[in-house]
Amino acid sequence: MLVSAKEMLNKARDGKYAVGQFNINNLEWTKSILQTAEELKSPVILGVSEGAGKYMCGYKTVVGMVNGMLEEMKITVPVALHLDHGSYEGALACIAAGFSSIMFDGSHYAIDENVAKTSELVKICNEKGLSLEAEVGAIGGEEDGVIGKGECADPAECKKIADLGVTMLAAGIGNIHGKYPDNWEGLSFTTLEAVKKEVGNMPLVLHGGTGIPEEQVKKAISLGVAKVNVNTECQLSFAAATRKYIEEGKDLQGKGFDPRKLLAPGAEAIKATVKEKMEMFGSIGKA
Ligand code: 13P
């Protein structure tokens, strides 16, 4: 059964580790992530962007697929199904479809509108026992076509949003979605510490988990980050493994045209990436 992310994140915050959010795009990705989480006894969050939701035939399809897998694969570790960077309308649609966790990204609104919309969703999510992530200070890079500037969040605004009663808060601390440019200055721990001081015990979320050096990820976790989002790195490893398989010509031999065979190396590559990240985040054995 899908669970809210609240309990797993509070435990992670107290235990000084982080739960990974891995974004899904299709059945193979979802299966690989769930298999790895179960094998390593790690809690996990499956992230779904609005674009990926559309690609997978809508939120109801995603909920049906994930619930089916939890049952058929006999998954025992805690799994949350989480809308990633949702609009207000997307959040309502995912709540209706059966997601167990929601991110409302109101970071592009003026703070008062972000507060108003987030408050509405706090009410609805509380009633239904769902976890809610809010964002302050846009994360740089591309979020489903929206380009952010990699800002650092204003700690006072973070407090305003945290005080509404959200479960977790994503605050921009110089992190960027996708690959980091060579001249990236690294995470702003000064911002992270200032945000933490304002929001107290609230679990913090680090977006843009692809390519942040391990020591920076670990330092962020030690300063209150309890959830780290990873998307691009799974895409890169899936694409590289698939490309290699095709270039080696194996797909042309024997049963190489079989989609189950063609997609298998990519699925294995995702498992390896997820394992590596769970090791880095310290979540193995914490289910
Ligand atoms: P990356 O694509 O950089 O791993 O970021 C993922 C993310 O933050 C999803 O919200």
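The values are calculated or read from the model by the stated rules, or taken from the named source; none is laboratory data. Fair warning: this is a prediction, and the values are worked out from it, not measured in the lab. All Cβ positions, glycine included, derive from the backbone under ideal geometry; neighbour counts span all protein chains shown. Side chains are part of the model used for accessible areas, which takes the heavy atoms of the whole protein and leaves out ligands, DNA and RNA. Shrake-Rupley method; radii C 1.70, N 1.55, O 1.52, S 1.80 Å.
All conditions in (1) open to solvent by less than 40 Å² (accessible area, probe 1.4 Å); (2) under 24 Å from His177 (Cα atoms); (3) away from the ligand (no atom under 16 Å from the Cβ) hold for His82, with the sole exception of (3). Closer than 26 Å to Leu46 by Cβ, β-branched (Val, Ile, Thr), touching a Leu at 6+ places or on another chain (Cβ under 9 Å) and touching a residue at least 60 places away in the same chain (Cβ under 8 Å) - does that describe any residue in the range 234-256? No; the residues of the range 234-256 include none that is closer than 26 Å to Leu46 by Cβ, β-branched (Val, Ile, Thr), touching a Leu at 6+ places or on another chain (Cβ under 9 Å) and touching a residue at least 60 places away in the same chain (Cβ under 8 Å). For beta carbons closer than 7 Å, sequence separation of 6+ or different chains, a first residue in the range 176-190 that is farther than 20 Å from Gln235 by Cβ and a second that is of a type in the set (D, E, K, R) and part of a loop (DSSP other than H, G, I, E, B), there are no qualifying pairs.
The set of residues in the range 203-231 that are farther than 13 Å from Glu193 by Cβ, more than 7 Å from the ligand (Cβ to nearest atom) and β-branched (Val, Ile, Thr) comprises Val205, Ile212, Val217, Ile221, Val228. Being within 14 Å of the ligand (Cβ to nearest atom), buried (at least 21 other Cβ atoms within 10 Å of the Cβ) and either hydrophobic (A, V, I, L, M, F, W, C) or in contact (Cβ under 8 Å) with a residue 12 or more places away in the chain (or both) is a description that applies to Ile270.
Applying the condition of being out of contact with any helix residue (DSSP H, G or I) (no Cβ under 8 Å at 6 or more places or on another chain) and within 13 Å of the ligand (Cβ to nearest atom) to the range 179-202 and asking which residue is farthest from Asn23 (Cα to Cα) yields Trp184. Among helices (runs of 4 or more DSSP H) entirely within the range 36-118, having at least 1 residues that are small (Gly, Ala, Ser), more than 16 Å from the chain's Cα centre (by Cα) and more than 21 Å from Ala162 (Cα to Cα) singles out 59-72, 88-97. In the range 117-140, the count of residues that are at pLDDT below 95 and open to solvent by 30 Å² or more (accessible area, probe 1.4 Å) is zero. Might you let me know whether the range 240-262 holds any residue that is at pLDDT 95 or above and either in a strand (DSSP E or B) or within 22 Å of the chain's Cα centre (by Cα) (or both)? Yes: one or more hits.
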